[in-house]
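Below is one structure, written out as structure tokens; comments come after it.
The values are calculated or read from the model by the stated rules, or taken from the named source; none is laboratory data. Computed from a predicted structure; not experimentally measured. We place every Cβ from the backbone using ideal geometry, glycine too, and count neighbours over all the protein chains shown.
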Amino acid sequence: MAKRVALQCHPDTPCGPLTGIDVEVTRHGSRSGLRRIALRFVASGNIDAVRFPHHVTSHARKDELWRTTCFEAFLRVGDDNAYREFNLAPSGNWNCYHFTGYRENMAPENHVGDPAIQTYMRREPLGPGDDGHSSSIGPLDRFEAPFLMLTATLELQSAMLPLDQPWHLALSAVIEEKNDRVSYWALKHPSGKPDFHHEDCFALELPAAMPS
């Protein structure tokens with residue numbers, strides 16, 4: 001079952017062009033797919049004012065993707081202090097890091113697969129009888145155009161994360177406008193400056209997939 005949540009723009013970094021960012025989260029239900037999470041980010045508004053490539057051009061792992069428009073997911077299991085950070089760029093580039101605690105011992109996470117990023121952009125509203133782009137939008141989905149959609153699948157099977165504990169997700173986005181202004185979006189912001197690593201950001205819980 002998919003969960004749809006909305007990201008909030010940090011009050012100190014307003015974003016004029018975008019009216020909102022929604023995220024749909026789906027955990028694959030089969031026994032072989034329980035460590036696979038599909039994400040769909042939809043940024044609505046004046047997308048022509050946002051700095052991002054119009055098409056996926058690469059699937060390489062790169063550092064510092066958050067310096068421009070980037071969608072992110074952080075994952076922590078149960079009460080463990082360790083967590084993983086995924087960076088998902090509209091270009092198709094990505095990365096994943098492992099932390100042992102809050103911003104501690106950052107290292108590349110090698111037990112993950114290519115998230116297979118795809119992007120889709122629509123500038124005009126869907127017309128009557130238009131079921132949308134077959135590979136990106138289902139026939140029942142309607143989003144306020146214009147919008148940019150990014151889809152990615154977090155492949156975590158090799159990480160062998162526990163399935164008998166809840167998984168906690170923090171979802172976020174960095175949006176860079178063409179005028180160089182940057183805004184920061186998250187499910188929930190802690191007090192003070194934007195900080196996607198803060199424990200308050202892990203606001204979405206996926207129940208344990210298998211009994212303990």
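So is Ala60 of a type in the set (Gly, Ala, Ser) and either modelled with pLDDT under 95 or surrounded by fewer than 15 Cβ atoms within 10 Å (Cβ to Cβ) (or both) or not?
On the way: of a type in the set (Gly, Ala, Ser): yes; either modelled with pLDDT under 95 or surrounded by fewer than 15 Cβ atoms within 10 Å (Cβ to Cβ) (or both): yes.
For Ala60, the condition - of a type in the set (Gly, Ala, Ser) and either modelled with pLDDT under 95 or surrounded by fewer than 15 Cβ atoms within 10 Å (Cβ to Cβ) (or both) - is met.
Do we find a residue being in a strand (DSSP E or B), small (Gly, Ala, Ser) and either closer than 27 Å to Leu34 by Cα or at pLDDT below 95 (or both) anywhere in region 121-133? No, the conditions are met nowhere in region 121-133.
Table: residues versus (1) in contact with a helix residue (DSSP H, G or I) (Cβ under 9 Å, 6 or more places away or on another chain); (2) surrounded by fewer than 17 Cβ atoms within 10 Å (Cβ to Cβ).
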{"residue": "Gln8", "(1), (2)": "no, yes"}
{"residue": "Pro11", "(1), (2)": "no, yes"}
{"residue": "Cys15", "(1), (2)": "no, no"}
{"residue": "Leu18", "(1), (2)": "yes, no"}
{"residue": "Arg27", "(1), (2)": "yes, no"}
{"residue": "Ile37", "(1), (2)": "no, no"}
{"residue": "Phe41", "(1), (2)": "no, no"}
{"residue": "Asp48", "(1), (2)": "no, yes"}
{"residue": "Pro53", "(1), (2)": "no, yes"}
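Would you pick out the residues in region 66-94 that are within 13 Å of the chain's Cα centre (by Cα) and over 12 Å from Ala152 (Cβ atoms)? Residues satisfying the conditions are Trp66, Thr69, Phe74, Leu75, Arg84, Glu85.
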